[in-house]
Amino acid sequence: MRKLGKIFLITIMLLGICTVTAFADMGSKPRVQIDIKNPPQEKYYLDLLYYTEYYDRYGNIDADDDYDDKMLALLTGYDDSGWVPAIASGTSLPMWGSLEPDENGRHIFGYFGVPDEFKIIIVTESGQIKVSDVIKRKTMEVDLTLDYNDMSHTLKPVWTAYIAQFAITFSVTIAVEFIVLAIFFMAKKANLKPFLHMNIITQLLLTAFMSTGFIYGGTIIAYMWFPVIELVIFIFEMWYSKKYFIGENDLMKLAYAFVANTASAMLTFFSLETIMDIMFKVIR
């Protein structure tokens, strides 16, 4: 018991480190990146249109943003049966982004106000207005190319994002849980095979449920599903560790499963934004 007590002191420190790291980056946030093909040969603004019936909105334009008044008026005055511009007219939740392209010619919008469904609107200095068809986000981050000539768009395949998501979250989980395995003096050769099997199963389950939740319910549903699926994973890992791992006793194996799953779940949930950012850099 004294040995187990020392182990718990060490793992509490580990959980503390995970928590500090986690709260430095408070979770995944929606993001849309747009590359323009055949862009206008004049100055233009690009915004996301979303459907809303609410008029109490966050202002997404900073006071120091130097936008052309006439071009901005084309956006703020646009309202097509409830479809309004997110940056120019505001959103129900805050969102950051710019109406103008960045130094790479890209348009990037992020934070909780990014809609699950949106259109893209472009207004030019000469007064032209073009609007795309409805685009639905099927991943936390969307990377698309828009052809200004006909306002058609091309999305990166969803499955590549999910493969990358699994690869990264699996690697993070393996690293964290193996450290805990070593702390509990269970990093034995006989435990490596069941350790890998257990984490492959749980990470496939996590990726499948989170992805499905996002596709059919959007960002909020994905967040709501996370603790539910983590509870299932927690119970499974407790059972699996007790049955297949070699340890000093059953209590030690259960303690390992509890600490390892808690640490990896906390780190995964709170660092999802960093994981997603790395993921999309990999697949771009």
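Looking at Leu49, is it closer than 21 Å to Pro30 by Cα, hydrophobic (A, V, I, L, M, F, W, C) and at pLDDT 90 or above? Break it down into steps so the answer makes sense when it comes.
Details: closer than 21 Å to Pro30 by Cα: yes; hydrophobic (A, V, I, L, M, F, W, C): yes; at pLDDT 90 or above: yes.
Here the answer is yes, as Leu49 does meet what is asked.
For the range 98-117, the candidate set comprises residues that are within 22 Å of the chain's Cα centre (by Cα) and hydrophobic (A, V, I, L, M, F, W, C); within that set, the residue that is nearest to Leu49 (Cα to Cα) is Val114.
The residue that is farthest from Thr207 (Cα to Cα), among those in the range 132-151 that are not aliphatic (A, V, I, L, M) and not in a strand (DSSP E or B), is Asn149.
Just to be sure before I move on: is Glu237 out of contact with any Phe, Trp or Tyr (no Cβ under 6 Å at 6 or more places or on another chain), touching a residue at least 60 places away in the same chain (Cβ under 8 Å) and farther than 30 Å from Asp116 by Cα in the structure I sent? Please lay out each step first, then the result.
On the way: out of contact with any Phe, Trp or Tyr (no Cβ under 6 Å at 6 or more places or on another chain): yes; touching a residue at least 60 places away in the same chain (Cβ under 8 Å): no; farther than 30 Å from Asp116 by Cα: yes.
No.
The set of residues in the range 60-79 being at pLDDT below 90 and of a type outside the set (A, V, I, L, M) consists of Asn60, Asp62, Asp64, Asp65, Asp66, Asp79. Scanning the range 98-110 for residues that are more than 19 Å from Ile129 (Cβ to Cβ) and out of contact with any Ser or Thr (no Cβ under 9 Å at 6 or more places or on another chain) gives Asp102, Glu103, Asn104, Gly105, Arg106, Gly110.
If we keep just the residues of the range 101-115 that are free of Cβ contacts under 8 Å to residues at least 12 places away in the same chain and of a type outside the set (S, T, N, Q), which is farthest from Gly59 (Cα to Cα)? Here the residue is Glu103. For the range 67-120, a residue qualifies if it is among the aliphatic types (A, V, I, L, M), over 19 Å from Thr139 (Cβ atoms) and touching a helix residue (DSSP H, G or I) at 6+ places or on another chain (Cβ under 7 Å), and the qualifying residues are Leu72, Leu75, Ala88, Leu99. All conditions but one from (1) crowded, with 17+ Cβ neighbours inside 10 Å; (2) within 20 Å of the chain's Cα centre (by Cα) apply to Phe184; the one that does not is (2).
The values are calculated or read from the model by the stated rules, or taken from the named source; none is laboratory data. Keep in mind that this is a model prediction, so the values were computed, not measured. When we count neighbours, we look across all protein chains shown, and the Cβ atoms used for this are built from the backbone with ideal geometry, even at glycine.
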